[in-house]
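Worksheet: the structure to be examined is printed underneath.
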Amino acid sequence: MNTESKPNLYDELAPKVGHENHMRAFNHVESLIAELIQLIPEADAWGADNGYPEVENYPHYQRARQIGTEFSKLAGIRGMQSAISSTQKRLNDYPPMKYSYAILVYGWSEIDGWQP
């Protein structure tokens, strides 16, 4: 049985980049996640009201792509995947609300090789 614990992200990164830089990046990521938490329900409601057009036609599309590009710059595809996962976990904390993530899944197409 392996009793070694894995270092958390802070313990792994802080010595490399410094506490202040790590916290600045952490706070930036948290603000982007918070924005996605607001954007996804708004995009879903807009889509429902407008017959679910192609995601490029959503008013939220450009900002969703900007956020996806930012996650790509910060951590590549893994960062983008983590962003969606974190957002899903936080939104799904309040059932029975379930959201479509099409604005991200399809809206992030071809950012850093992202494929829906």
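Could you bin all the Cα-Cα distances of the range 62-116 into 10 Å bins starting at 0 and give me the percent of pairs in each, rounded to whole numbers?
Spelled out bin by bin, the range 62-116 gives 26, 53, 20, 2 percent.
For Leu74 and Arg24, compute 0.36 nm times the residue count separating them, minus their Cα-Cα distance, and round to one decimal in nm.
16.8 nm is the gain from fully extending Leu74 to Arg24.
Just the accessible area for Glu42, please: 1.4 Å probe, Å², rounded to the nearest 10?
80
For Gln115 and Ser82 in one chain, what is 0.36 nm times their gap in residues minus the Cα-Cα distance, to one decimal in nm? Mind dumping the intermediate values first?
Working: separation 33, 0.36 × 33 = 11.88 nm, distance 1.50 nm.
Stretched fully, the Gln115-Ser82 segment lengthens by 10.4 nm.
Given a 1.4 Å probe and heavy atoms of the protein chains only, how would you sort His22, His28, largest accessible area at the top?
Numbers: His22 25, His28 70 Å².
Descending order: His28, His22.
The values are calculated or read from the model by the stated rules, or taken from the named source; none is laboratory data. It should be emphasised that the depicted structure is a prediction, and the values quoted were computed from it without experimental measurement. For the accessible areas, the whole protein counts, side chains as well, though only heavy atoms, and no ligand, DNA or RNA atoms are used. Shrake-Rupley method; radii C 1.70, N 1.55, O 1.52, S 1.80 Å.
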